[in-house]
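Enquirer: Here you go, one structure.
The values are calculated or read from the model by the stated rules, or taken from the named source; none is laboratory data. This is a predicted model, so every value here is computed, not measured. With ideal geometry, Cβ positions are generated from the backbone for all residues, glycine too; neighbour counts draw on all protein chains shown. Calculation scope for accessible area: heavy atoms of the full protein, side chains included, ligands and nucleic acids excluded. Shrake-Rupley method; radii C 1.70, N 1.55, O 1.52, S 1.80 Å.
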Amino acid sequence: MRRKLVVGNWKLNGSLAANAALLDSLLREQGSWTCDAAVCAPYPYLAQLNERLIGSTLNWGAQDCSAHESGAYTGEVSAAMVAEFGCRYVIVGHSERRAMHGESDQIVADKAKRALAHGLTPIVCVGETLAEREAGVTDEIVKRQISAVIHTLAHCISQIVVAYEPVWAIGTGRTASPDEAQAVHHVLRAKLHAATERADAMQILYGGSVKADNAATLFAQADIDGGLIGGAALKAADFVAICRAAG
Ligand code: 13P
């Protein structure tokens, strides 16, 4: 039986004061769900998460890490640095980074490898654009994206979390239907099965306009093991409701 995991991706949002208020509310409610839960904040706030969440049931993480270990890469933050702040997770390959920062499948795979090397669990995002879905190539796209990671991580592939985030569902209010999402999760799990005996134990999250009112039906699908939550992770009541929907 896989445990459900709900991860908040705060994206480019937050302030010390706003984070403190949000975290305090989450900490007050942490006993009201049993799933695994985590929040991923912008880098400058990782120290705040480390300080506030240590000893709680909430985990935390970053939204990206460098594909490089160290060196002359101005503006980059390494997996080793992220790990120093108690992070358990790091998101890699979010579609916003693939689209706006030109991250290739191989760069995403290299980032996942760096993360694992520093004891972090990479949450590897995959997903098709609207044009790709309409062209009927969704399965092909997500298989290509996950294959690069499988190839690069080899036997370590079972240590990652996968997040299926259809680009057309992110921040649009348009969610993949539970059936649509399940179909892609099934494709992803089959691909993982071909690479590792542990595919059945791996968590595959769905992301894209998950809200308190659609979370339960999405999470009830056979291969959906939780969610990667954007907008709804910024309001404590919404995030708590989604965690409760996961169990
Ligand atoms: P929304 O929940 O705002 O659609 O964002 C999803 C997402 O991109 C999480 O990584």
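Enquirer: Identify the single condition in (1) within 16 Å of the ligand (Cβ to nearest atom); (2) closer than 27 Å to PRO42 by Cα; (3) out of contact with any Lys or Arg (no Cβ under 8 Å at 6 or more places or on another chain) that ILE204 does not satisfy, given that it satisfies every other one.
Expert: Condition (3) is where ILE204 drops out.
Enquirer: Would you check if there is a residue in segment 60-81 being in contact with a Gly (Cβ under 6 Å, 6 or more places away or on another chain) and either more than 16 Å from the ligand (Cβ to nearest atom) or not in a loop (DSSP other than H, G, I, E, B) (or both)?
Expert: no
Enquirer: Name the single residue, out of those in segment 204-247 being over 17 Å from the mean Cα position of the chain (by Cα) and assigned to a loop (DSSP other than H, G, I, E, B), that is farthest from LEU22 (Cα to Cα).
Expert: ALA222
Enquirer: Turning to a different aspect of this structure: So is ALA148 buried (at least 18 other Cβ atoms within 10 Å of the Cβ), hydrophobic (A, V, I, L, M, F, W, C) and under 30 Å from GLU84 (Cβ atoms) or not? It would help to see each step written out before you state the result.
Expert: Working: buried (at least 18 other Cβ atoms within 10 Å of the Cβ): yes; hydrophobic (A, V, I, L, M, F, W, C): yes; under 30 Å from GLU84 (Cβ atoms): yes.
Against the criterion (buried (at least 18 other Cβ atoms within 10 Å of the Cβ), hydrophobic (A, V, I, L, M, F, W, C) and under 30 Å from GLU84 (Cβ atoms)), ALA148 qualifies.
Enquirer: Another question, then. Can you find even one residue in segment 61-81 that is at pLDDT 95 or above, open to solvent by 10 Å² or more (accessible area, probe 1.4 Å) and within 13 Å of the chain's Cα centre (by Cα)?
Expert: The answer is yes, given that some residue of segment 61-81 is at pLDDT 95 or above, open to solvent by 10 Å² or more (accessible area, probe 1.4 Å) and within 13 Å of the chain's Cα centre (by Cα).
Enquirer: Tell me which residues, restricted to segment 151-174, are of a type outside the set (Ser, Thr, Tyr), surrounded by 18 or more Cβ atoms within 10 Å (Cβ to Cβ) and more than 8 Å from the ligand (Cβ to nearest atom).
Expert: LEU153, ILE157, ILE160, VAL161, VAL162, PRO166, VAL167, TRP168
Enquirer: Looking at VAL108, VAL137 in this structure, which one is within 16 Å of the ligand (Cβ to nearest atom) and either surrounded by fewer than 18 Cβ atoms within 10 Å (Cβ to Cβ) or touching a residue at least 12 places away in the same chain (Cβ under 8 Å) (or both)?
Expert: Criteria check complete, one pass: VAL108.
Enquirer: Now for a different question. Kindly establish whether ALA212 is under 22 Å from SER25 (Cβ atoms), within 15 Å of the ligand (Cβ to nearest atom) and either open to solvent by 50 Å² or more (accessible area, probe 1.4 Å) or in contact (Cβ under 8 Å) with a residue 24 or more places away in the chain (or both).
Expert: So ALA212 fits the description; yes.
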